[in-house]
Amino acid sequence: MLIIWAAVLFAIAALGGATLATLHFRGRSPLPMPLALLHGLLAAGGLVLLVIAALTQPGFGGLALASLVIFVIAALGGFYLLSHDLRERPLPSAVVVIHGGAAVAAFLLLLAYLFTVHL
């Protein structure tokens, strides 16, 4: 059940992330901080639930573990982007793409795990 709630939080965070990326690539600067913070908090909540699941649920591995590792990498990219935003520096577009791409890949792996194991 933790993994399902993690997926829900990641899905909602993805909507905010897609909005932020769209605004970035349309030249909007600075990005709306409340949306950026909500995006980060939702993703962090999903990551915490996924870590708890990894520590408590037997059989957590394979696709779910790969998803967790890639989400951690995406989170590091998110922290890097937030640091740029807080210092009022332009966001590096390559990092925006890598951050989003990693998060999407991790989310798809998590969904694959859920559909093969839990449904």
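Throughout, read-outs are computed from the coordinates displayed, never taken from laboratory work. Everything numeric here is computed off the predicted structure, so don't read it as measured data.
Estimated purely from DSSP H runs of n ≥ 4, each contributing -39500 (n - 2.57), the mean residue ellipticity at 222 nm for the chain is -27500 deg cm²/dmol once divided by its residues.
Once the mean 1/r over all distinct Cα pairs of the stretch 2-118 is inverted, what Kirkwood radius in angstroms do you read off?
After inverting the pairwise mean of 1/r, the radius is 14.4 Å.
At what distance in angstrom do the alpha carbon centres of the stretch 1-65 and the stretch 73-94 lie from each other? Measuring centre to centre over Cα atoms gives 15 Å.
Sequence-ordered 3J(HN,Hα) estimates for the stretch 61-68 from the Karplus curve with 6.51, -1.76 and 1.60 and θ = phi - 60° stand at x, x, 4, 5, 5, 4, 4, 4 Hz, glycine and proline given as x. Only Cα pairs under 8 Å and 6+ residues apart enter the sum, and on that basis the relative contact order of the chain stands at 31 percent.
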